[in-house]
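Let me begin by presenting the structure, written as structure tokens, before commenting on it.
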Amino acid sequence: MPRLLVFVEIREGRMTRPSLEALSRCREIGGTSVAAAIASDAPAACFEALARYGIEEAFVATDPVFAPGSRIPQGAPLAAALARIAEQAAPDVVVFPSGETAREILGALAVRMAAPALPDVSRFDVFEGGVEAARPVFAAGFMARVRAEGAPVLVSLRGGSYAASEYPAASPLRVRDVPFAFDEKQSRTTLRKVTAGASGGVDLAEAAVVVAAGRGVRDEQGKRLIEELAALLGAAVGASRGAIEAGLFPAASLIGQTGKTVAPDVYVAVGISGALQHVAGMADSRTVIAVNKDPDAPVFRHATYGIAGDLYEILPAWIKALKKKAAASG
Ligand SMILES: Cc1cc2nc3c(=O)[nH]c(=O)nc-3n(C[C@H](O)[C@H](O)[C@H](O)COP(=O)(O)OP(=O)(O)OC[C@H]3O[C@@H](n4cnc5c(N)ncnc54)[C@H](O)[C@@H]3O)c2cc1C
């Protein structure tokens, strides 16, 4: 059975949702031959959760450089720690949750480990000697079937491609400490400032629900409606290029080919036409609700539920209904 190693990304002390999805998929393929790779200042915080996801072995590099708020950009220490872990774990496949971290370190690790890499795949299978995967290309307009042979093969998996499912581990977690110390002098870059996230407190990549605004949201009143709806649904706020160009939403909330890729359970597209470049960033969403006053808008082709109408009438009615429901349930 090929050995699979999953890089588990930790944010604010918690394993990220895409990491849990990657763990679940690997467990499905590899059973007990799946191990977790963790680089953290306080790894023990996630041991219990790893066991809940059926993981029986974790390779752990502990160093203060990984502490939240560290002034050292994480790319260099993470790549160094994961290379050490991979040396010790000797996996056939290393799986990363796709995202900014993977984008930053996958190439560097592939070079360092002389390993083939399959970035940003939405499906993958492991066979003796390699990996076969499906990868959305040309703004998710086509799927490419790709195959890499060798050991290890590095794979980054798009969020939302598989469900994160708990599965009790049969035996207690074996923790393998991997000797690692990052010399801060090795880092040639310094983190100067972290500006506040754009999604009103809910991380776009983690969010189960996303409310995204388009150019149809044309003023402060529309922006308030989006934010109020998002707050009531516990959603993160995203935006299309059209809404960002209008100056109402920050660039960090951009979803699409040149922005973030999200795959929430529910994606609410408000006043968004559904251009290919936008759809590229939300095509894996499970349920799509589109609100657009043009019944022929392309976004309706991607919608599970479509509401053809003016957002300035629909959103207030929706918000009112949600408030009424919340009040009724105490
Ligand atoms: C190389 C490249 C990369 C790109 N990358 C991205 C990307 O990453 N993300 C992205 O989003 N775009 C990207 N774009 C831009 C993309 O092509 C579209 O121009 C953009 O997505 C349009 O944004 P929009 O849907 O908000 O605006 P529009 O296309 O102007 O659509 C606005 C929609 O709002 C509806 N509307 C208007 N008023 C109301 C109302 N009162 N109530 C309800 N509906 C209303 C209209 O019917 C219309 O459908 C990229 C383009 C290029 C060339």
Gain in span if fully extended, A181 to D203, counting 0.36 nm per residue against the direct Cα distance: 4.9 nm
Dipole magnitude of the range 4-186 about its Cα centre (Cβ charges: Lys, Arg +1; Asp, Glu -1), debye to nearest 20: 340
Relative counts (whole %) of C-alpha pair distances in the range 3-67, using bins that are 10 Å wide: 24, 58, 17, 1
Label point 7 Å beyond Cα of L232 along Cβ direction - residues of the range 311-330 with amide nitrogen under 11 Å: 314-327
Net lengthening on full extension, R286/R14 (0.36 nm per residue, minus Cα-Cα): 95.6 nm
Sites A49 and A170 - FRET efficiency at Förster radius 22 Å, r taken between beta-carbons, to 0.05: 0.85
Cα-based helix-to-principal-axis angle, 17-30 vs the chain, degrees rounded to 10: 50
Label-point gap, in nm, between V137 and S329 - each point 7 angstrom along Cα→Cβ: 4.5
Distance in nm between pseudo-label sites at R145 and T258 (7 Å out along the Cβ direction from Cα): 3.4
Extension gain from D125 to R103, taking 0.36 nm per residue of separation minus the Cα-Cα distance: 5.8 nm
Cα-based convex hull volume of the chain per residue, rounded to whole Å³: 143
Cα gyration tensor shape of the range 209-328, rounded if a/c is under 1.5, else prolate or oblate by comparing a/b with b/c: rounded
Two-site label geometry, E220 and K320: point separation in nm, points 7 Å out along Cα→Cβ: 2.4
Accessible area of the range 209-328 divided out per residue, in Å², using a probe of 1.4 angstrom: 47
Nearest 10 degrees, 0 to 90: helix 75-89 Cα axis against the chain principal axis: 50
For the range 4-186, radius of gyration divided by Kirkwood radius, i.e. Rg to Rh on alpha-carbons: 0.94
Ordering of 130-142, 211-223 by burial proxy (mean other Cβ atoms within 10 Å per residue, highest first): 211-223, 130-142
Value of [θ]222 nm, deg cm²/dmol, for the chain, DSSP H segments ≥ 4, -39500 (n - 2.57) each, nearest 500: -8500 deg cm²/dmol
The range 99-148: C-alpha gyration tensor shape, a/c 1.5 cut-off, then a/b vs b/c: oblate
Accessible surface of the chain [probe 1.4 Å, protein heavy atoms]: carbon and sulfur percent: 53
The range 1-139 - share of DSSP beta bridges that are antiparallel (%, nearest 5): 35
Per residue, in Å², the accessible surface of the range 4-186 once ligands and nucleic acids are set aside, probe 1.4 Å: 44
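The values are calculated or read from the model by the stated rules, or taken from the named source; none is laboratory data. It should be emphasised that the depicted structure is a prediction, and the values quoted were computed from it without experimental measurement. In this analysis, Cβ positions are derived from the backbone assuming ideal geometry, glycine residues included, and neighbour counts consider all displayed protein chains. The accessibility values were calculated without ligands, DNA or RNA, using every heavy atom of the protein model including side chains. Shrake-Rupley method; radii C 1.70, N 1.55, O 1.52, S 1.80 Å.
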